[in-house]
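The values are calculated or read from the model by the stated rules, or taken from the named source; none is laboratory data. In this text, all values refer to a predicted model and were calculated from it rather than measured experimentally. Counting neighbours? That spans all protein chains shown, and the Cβs are built from the backbone with ideal geometry, glycine included.
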Amino acid sequence: MTGHAPPAAPSRPAMNPLREGLRLDQTPPPCTMVIFGVTGDLTHRKLMPQLYDLTVDTPLPASFSIVGFARRDWDDERFRSEMHGAVKGALGEEMDDASWQGFAPRLSYVSANFDELAGYQRLKEALDRLDTERGAGGNRIFYLATPPSYYPTIINNLNAAGLAQRAVPGDGQDGWTRLVIEKPFGHDLASAQSLNNEIAGTFAESQVYRIDHYLGKETVQNLLVFRFGNGIFEPLWNRQYIDNVQITVSEAIGIEGRGEFYEEAGALRDIVQNHMFQVLSLIAMEPPSTINEKTVRDEKVQVLQAITPLRGASIASDVVRGQYGPGWVAGRVAPGYRSEKGVDPDSSVETYVAMKVRIDNWRWAGVPFYLRTGKRLPQRTTEIAVQFRTAPALLFAGTSTMPPEPNVLTLRIQPDAGISLRFAAKVPGAEMQIRSVNMDFFYGTAFTASGPDDYARLLLDCMRGDQTLFARRDEVEQAWTLATPILDYWARNPRPQFPNYEAGTWGPPEADALIQRDGRRWRRL
Ligand code: BG6
């Protein structure tokens, strides 16, 4: 990508100065977080390790506690010991026993089926007890980390047990209640609308935090700082100077034992509809008048509304899907998608998507945005490459040098978070030779401090009542408005000839054809 190895970096990127500057004085208020589906994979891999980290690194109120709610017949002790294993598994040596001893008493457990009202009544008693004993102030966060089919049941039972009051700070009621929901928010437009209606029947939108962990990444938040905190880029950020934008989310991993989930999802639902459209809207949005949860999300949704909807023939020409067959990734044999556990041996689910998106507004008309994402590609990279228009080559016409290449500004989200600008330079010597070189910024070396990881950052925002980095109802539905016709078109049209790319390669040949048709090529990563 940059032609040389990045310098050694601390494990986490630095705090974002703009957001931190806005909120230094906002320590989270007391609260209790209830996690539904606490025995699942997400809690083990992400939530618990990051909540542990948060309590160690950030001064959370002493009253902050976590209640696990799940079907398994565990008690508090068993729950703590399971979570100890989860945190140890995720953090290894970074976890220390003394900190764990401080964290463990914050954990307690309620065992019940999700459809059992009596379980929610027991939960209410447990929460009331924590309010009295620990001083949680009646403030509650309900985190739904279960399979989405349970969301309506849980929401209805929270309501029936009197746990979903629409309290907001200052309205005279005891404490506030917030609902955090994990993606997928529906599997198409109709199901997303019906889920949102279901939620709206019980919770006000101001209580709802739809979590997209990409928005918790420092480097994603930095897109706003980069664009609006610098004077030199914004004047160039439009169709007059930019030729095209390429957004890549490439993963070397496969589906990591999540076959059943992935068979229902596929790459378009799993990555494009949420993470990639979120990144796209941050890159393309207009500057908001101020940074807050309304203005930022208003501008982001306007970008999605300005995207030219893909229909029929334009889907056939502008969207490519792929599925990996067996191959080699990072020197290891990788099985094909259809041989993964939980996957139909004849599956037509896509593990790769490439598409061309047009944003039909004054800033972007005529500038294609090329998106690609896939599993089992050669490496893990998430980046946005903004390619500027080529300089006229006239000046160098009489020389033997190649014409200068276009300037490219690359915003690297992960790994090696940073930014690089590619520009032409003269090769030293008597001849006129031009070569492209990179000017690089690496987060890891530029900052020594590091901020919380993605989930921790977002949970902290939720505790503080800041919804800016959470997907609003209209954003989610607009993203589905764009994605659903593609899914419908795929379902109506002949089964694709899958697999059509080998694990460890950059996707199907049709994806190259999609961009080459426009006289361009994918960036080599
Ligand atoms: C999740 C998807 O939302 O994001 C996974 O369900 C994917 O399939 C993951 O691997 C990627 O997240 P990250 O933070 O590793 O880029």
Within the set of pairs 6+ apart or on separate chains, which have a first residue in segment 31-59 that is under 13 Å from Asp454 (Cα atoms), a second that is crowded, with 19+ Cβ neighbours inside 10 Å and hydroxyl-bearing (Ser, Thr, Tyr), and C-beta atoms under 7 Å apart? Lys46/Tyr455; Leu47/Tyr455; Gln50/Tyr455
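Looking at segment 168-175, is at least one residue modelled with pLDDT under 95 and outside any loop (DSSP other than H, G, I, E, B)? So that I can check it myself, show each step before the final result.
To start, the set of residues in segment 168-175 that are modelled with pLDDT under 95 comprises 168-175.
Then keep just the ones that are outside any loop (DSSP other than H, G, I, E, B); that gives none.
The answer is no, given that none of the residues of segment 168-175 is modelled with pLDDT under 95 and outside any loop (DSSP other than H, G, I, E, B).
I'd like to check something: does segment 445-455 contain any residue that is among the charged types (D, E, K, R), within 16 Å of the ligand (Cβ to nearest atom) and under 30 Å from Asp53 (Cβ atoms)?
Of the residues in segment 445-455, the ones among the charged types (D, E, K, R) are 453-454.
Now narrow it down to the ones that are within 16 Å of the ligand (Cβ to nearest atom): 453-454.
With under 30 Å from Asp53 (Cβ atoms) added as a condition, the list becomes 453-454.
Yes, segment 445-455 has at least one match.
Charged (D, E, K, R), modelled with pLDDT of 95 or more and within 14 Å of the ligand (Cβ to nearest atom) - does that describe any residue in segment 357-379?
Let us first name the residues in segment 357-379 that are charged (D, E, K, R), namely 358, 360, 363, 372, 375-376.
Now drop any that are not modelled with pLDDT of 95 or more, which leaves 358, 360, 363, 372, 375-376.
Subset that is within 14 Å of the ligand (Cβ to nearest atom): 375-376.
Checked against the condition, which is being charged (D, E, K, R), modelled with pLDDT of 95 or more and within 14 Å of the ligand (Cβ to nearest atom), segment 357-379 yields at least one hit.
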Return yes when Asp453 is buried (at least 20 other Cβ atoms within 10 Å of the Cβ), of a type in the set (Asp, Glu), closer than 30 Å to Glu263 by Cβ and outside the structural domain of Leu310 (by TED's automatic domain parsing) and no when it is not. yes
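Evaluate segment 485-506: report whether one residue or more is of a type in the set (D, E, K, R) and crowded, with 22+ Cβ neighbours inside 10 Å. Let's see the steps before the verdict.
From segment 485-506, those of a type in the set (D, E, K, R) are 488, 492, 495, 502; that's our starting set.
Subsequent filtering for residues that are crowded, with 22+ Cβ neighbours inside 10 Å retains none.
No: segment 485-506 contains no residue that is of a type in the set (D, E, K, R) and crowded, with 22+ Cβ neighbours inside 10 Å.
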Members of segment 388-414 found to be surrounded by 13 or more Cβ atoms within 10 Å (Cβ to Cβ) and either within 16 Å of the ligand (Cβ to nearest atom) or modelled with pLDDT of 90 or more (or both), listed by number: Phe388, Arg389, Pro406, Asn407, Val408, Leu409, Thr410, Leu411, Arg412, Ile413, Gln414
Please work out which one of (1) surrounded by 15 or more Cβ atoms within 10 Å (Cβ to Cβ); (2) more than 17 Å from the chain's Cα centre (by Cα); (3) more than 16 Å from the ligand (Cβ to nearest atom); (4) at pLDDT 95 or above is the condition Glu293 fails and give its number. (4)
Please indicate, with yes or no, whether at least one residue in segment 393-416 is in contact (Cβ under 8 Å) with a residue 12 or more places away in the chain, closer than 26 Å to Pro368 by Cβ and out of contact with any strand residue (DSSP E or B) (no Cβ under 7 Å at 6 or more places or on another chain). yes
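Residues are listed down the side, and each one gets a yes or a no for (1) more than 9 Å from the ligand (Cβ to nearest atom); (2) free of Cβ contacts under 8 Å to residues at least 40 places away in the same chain:
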position	(1), (2)
Asn238	yes, no
Tyr241	yes, no
Val245	yes, no
Gly257	yes, no
Leu268	yes, no
Ile271	no, no
Val279	yes, no
Leu282	yes, no
Met285	yes, yes
